[in-house]
Amino acid sequence: MNWTPPFIWLLCLSVCECWRVTRSLPALHGQVESPNFPQPYQASLSQQWDISVPEGYQVQLSFTHLDIEPSANCYYDSLTVLYNQKVLGKFCGQENSADGHHPGNQPLLSPSNSLTLVFQTDDMNPEQHQHLGFSIHYQAKDIDECSALDTKDGPVCSQLCHNTLGSYICLCHHGYELRPDQRTCVLSCGGGIFNEPEGTLSSPGYPAPSPHGLACQYVISLELGFIVTLNFTDSFHIESIDTQNGPSCLYHWLQMSIPEKEPQKLCGGQSPGLVPINSNTVQLDYHTDWDGLSQGWSLHYTTQRVQCASPMSVTNGRVTPNFSQYFYRDYIQVRCDDGYKLMMDGKEIKSYASMCQNNGQWHLSLPECHIIDCGEPEPLLNGQITPLSGSQNQYKSSIQYQCNTPFYSLLGESTRRYTCAKDRMWRDDLGISVFPSCIPVCGKPTVSISGIRRIMGGDRAPANSIPWQVMLNVEGGRGGAMVIGDRWIMTAAHNLVKEGKPAEKDKVRVFVGDVDAVKLSKSPHLGVASLHTHPEYNNQNFANYNHDIALIKLQQPVTFHAAIMPLCLPPEDAVYTSHQTGIVSGFGIKEDDMIANELRYIRLPVVDQNICETSINEAKKERQKENIPFLTDNMFCVGVPEGGKDSCQGDSGGAYALKNARDGSFWAAGIFSWGVGCGMRGRYGVYTRVAKYIDWINKTMEENK
């Protein structure tokens, strides 16, 4: 059998006992405060505290301070108390405030030994840097001995009982002290500090006469921002000596001492009644000597928050809330009327709130409300802005947008009115803030053409009568085209493709704005950004003019005027009716086989498709050795059977324009593509049917903005 010396056993016992003593236990009490307390809390917070005390105890929360932005159901900022994920309370607001849910002065007790606190704030606090948050004291709560039945020797405590953890203590009212039995109170006259918002004080033993030889001191002290008022009862008697100047307080007195004022002694048989102190603290010293008789006194003190001056009115704004009086910790906000903005120290502020401070002054001076302005309205390209009312683009100022007529128009109307709204946006009568655009007017020349011309070359076109006409120069060769948009030209594909090879954009010259070819050729040409021939165009042997259509995108937009105006694209219900007359124009060959130096035009009718096809088939039979192209559904014929009136070389890519009977505008019905001879009897000019290509045209322009 092994034997262990006694000193080794003792050492082990000592080590084991030491281990048990140093084991950590939950705290019996503590403090929880919001972040940054007592400074204002921040926005966008979410913080949790898990509180626990030893088993067998309950957690008691005492709210020493709670100041959280108030809201209905504490929706925005809140402190939530939970036990096992069950909400025991959700708090916000301020003490004595009408809004929010304040816990008041009542402690909160948990069902067991743990609680969870969750503090959350939103990210849009209109009163940022003003609400202080909270401070909470917690302690372990055990059996309430003070609620137990009286002992066999009487009450647990003769006056006041206070529970402590694991025990209790007895306390006495002011003017009494605890006897050695720690249960019974006897008359005394010691000092004390009273910091509750209200309370009652009296002389020792009141309403019994005051004992002799008293030197009692009572100090009422509240935090800054509160003022004290004393209200003595009618039963007031402190011994005095009558003199010619009234009662003299030689031997008995109650002295009131207020900071920065001379002390004042009270005595006699007349109650002072209501005594405003106008301070947050007052000291009362009650003195009796060993002679004489004083029946004593009693008072009830109350406190009131320091008052701030009512704020002045704000021009073009309002102060809220509108109280008849404002006191310490009250808040005011200023909101401007519609169309006005908050300004302080020359700078605009998003919101304004000010608090009444403990010195009776507002912590911020009042702001001003200045009228807003919407800034300069966006300029209108190819239009103008006309002021209608107001000035300097301020609230409710009105302007009118107008396009440069007759070359541009607003969509659906000729003018549009905009007003500076309260959100600092220019808005039209429907509340829309999108500014209008000026849409080019198409196919409506300022000069009309009258009469029917008989010669193949037609007649000279008056200036501004065919403003969509374009003269092309591609690698030295002349061709025609038409303006269809401020950055788009439409022509025949064969103008831009030679022997299957696309032309280089730098070798394409675009001339617009005149009826004189010589002047045009000497004027600056429009820069070309890109060339777009129809993807299915394939005419390497000059026998297939199907899909003979192309678009030219310009580098810069063109401003339209009398000499330059786009030709309308075909309407959705475009119809090519036989014998319908349209206008052909160009700088092509005249009757004398000379290239025209001036723009010429001629009126020609649409040819029945069967007659057109028969004419081409006959030409094929007559000229079997020539490579005459085929007619497709994407083409149509224009001309007269007797000949003499036709487009010719140099006119290729030019427009065949029909007039819309509804609004009188001209639209691009065809693009001169090819023909058998020029103005021959029984032969017609063949044009690309533009209405077949509307989808391709719109898609190409949309994809190449």
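The values are calculated or read from the model by the stated rules, or taken from the named source; none is laboratory data. A quick note: this is a predicted structure, and the numbers were derived from the prediction, not measured. Neighbour counts run over all protein chains shown; Cβ positions are idealised from the backbone, glycine included.
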Taking the criterion of being crowded, with 21+ Cβ neighbours inside 10 Å and in a helix (DSSP H, G or I), would at least one residue in the stretch 457-473 satisfy it? no
Against the definition (more than 30 Å from ASN358 (Cα to Cα) and either in contact with a strand residue (DSSP E or B) (Cβ under 6 Å, 6 or more places away or on another chain) or among the aromatic types (Phe, Trp, Tyr) (or both)), how does ILE241 come out, yes or no? yes
In the stretch 679-697, residue surrounded by the fewest Cβ atoms within 10 Å (Cβ to Cβ) [restricted to those that are farther than 12 Å from ILE549 by Cβ and in contact (Cβ under 8 Å) with a residue 60 or more places away in the chain]: GLY682
Complete set of residues in the stretch 273-306 that are touching a strand residue (DSSP E or B) at 6+ places or on another chain (Cβ under 7 Å) and in a loop (DSSP other than H, G, I, E, B): GLY273, ILE277, ASN278, SER279, ASN280, SER294, GLN295, TRP297, VAL306
Residues within the stretch 388-432 that are in a strand (DSSP E or B) and more than 26 Å from ALA563 (Cβ to Cβ), tallied: 15
Report yes if some residue within the stretch 490-511 is in the same structural domain as ASN634 (by TED's automatic domain parsing), over 16 Å from ASP651 (Cβ atoms) and among the aromatic types (Phe, Trp, Tyr); otherwise report no. no
Within the stretch 168-187, restricting attention to residues that are out of contact with any Pro (no Cβ under 6 Å at 6 or more places or on another chain) and modelled with pLDDT under 65, which residue is surrounded by the most Cβ atoms within 10 Å (Cβ to Cβ)? HIS174
Members of the stretch 77-110 that are more than 17 Å from SER46 (Cα to Cα), in contact with a Lys or Arg (Cβ under 9 Å, 6 or more places away or on another chain) and touching a residue at least 40 places away in the same chain (Cβ under 8 Å): GLN94, PRO107, LEU109, SER110
Given (1) within 60 Å of the chain's Cα centre (by Cα); (2) modelled with pLDDT of 95 or more, index of the condition LEU254 fails: (1)
Residues that are in contact with a Cys (Cβ under 6 Å, 6 or more places away or on another chain) and either at pLDDT 95 or above or under 30 Å from THR281 (Cα atoms) (or both): list the strands (runs of 3 or more DSSP E) wholly contained in the stretch 334-387 that include at least 1 such residues. 340-344, 368-371
Give me the residue from the stretch 42-60 that is of a type in the set (Val, Ile, Thr) and in a strand (DSSP E or B) and, out of that set, surrounded by the most Cβ atoms within 10 Å (Cβ to Cβ). VAL59
Criterion: touching an Asp or Glu at 6+ places or on another chain (Cβ under 6 Å) and either surrounded by fewer than 14 Cβ atoms within 10 Å (Cβ to Cβ) or within 23 Å of LEU214 (Cα to Cα) (or both) - qualifying residue of GLN244, GLN283, GLN255: GLN255
Residues that are exposed (fewer than 13 other Cβ atoms within 10 Å of the Cβ) and not hydroxyl-bearing (Ser, Thr, Tyr): does the stretch 396-408 have at least one? no
State which residue is surrounded by the most Cβ atoms within 10 Å (Cβ to Cβ) when the search covers only the stretch 491-547 and only residues that are outside any strand (DSSP E or B) and aromatic (Phe, Trp, Tyr). TYR545
Please enumerate the residues belonging to the stretch 99-128 that are farther than 28 Å from ILE349 by Cα and either outside the structural domain of PRO54 (by TED's automatic domain parsing) or assigned to a loop (DSSP other than H, G, I, E, B) (or both). HIS102, PRO103, GLY104, ASN105, GLN106, PRO107, SER110, PRO111, SER112, ASN113
Only residues that are in contact with a strand residue (DSSP E or B) (Cβ under 6 Å, 6 or more places away or on another chain), buried (at least 18 other Cβ atoms within 10 Å of the Cβ) and assigned to a loop (DSSP other than H, G, I, E, B): list them for the stretch 307-333, please. VAL314, TYR328, ASP330
Checking the conditions here, which among PHE63, PHE91 is out of contact with any helix residue (DSSP H, G or I) (no Cβ under 8 Å at 6 or more places or on another chain) and crowded, with 17+ Cβ neighbours inside 10 Å? PHE63
Looking at the structure I just gave you, is HIS137 in contact with a helix residue (DSSP H, G or I) (Cβ under 9 Å, 6 or more places away or on another chain), surrounded by fewer than 19 Cβ atoms within 10 Å (Cβ to Cβ) and modelled with pLDDT of 80 or more? no
Complete set of residues in the stretch 372-416 that are hydrophobic (A, V, I, L, M, F, W, C) and closer than 30 Å to GLU348 by Cβ: ILE372, CYS374, LEU380, ILE385, LEU388, ILE399
Counting just the residues of the stretch 497-544 that are among the aromatic types (Phe, Trp, Tyr) and modelled with pLDDT of 95 or more, which one comes out nearest to the chain's Cα centre (by Cα)? PHE511
Only one residue in ILE616, ILE671, ILE611 is assigned to a strand (DSSP E or B), aliphatic (A, V, I, L, M) and modelled with pLDDT of 90 or more. Which one? ILE671
Checking the structure you have, find out if any residue of the stretch 63-72 is farther than 21 Å from GLN120 by Cβ, assigned to a helix (DSSP H, G or I), at pLDDT below 90 and not polar (S, T, N, Q). no
Restricting attention to the stretch 226-241, which residues are buried (at least 18 other Cβ atoms within 10 Å of the Cβ) and either closer than 30 Å to GLN307 by Cα or of a type in the set (Ser, Thr, Tyr) (or both)? PHE226, ILE227, VAL228, LEU230, PHE232, SER240
Check the stretch 53-65 and report whether any residue there is under 22 Å from GLN139 (Cα atoms), within 34 Å of the chain's Cα centre (by Cα) and in contact (Cβ under 8 Å) with a residue 12 or more places away in the chain. no
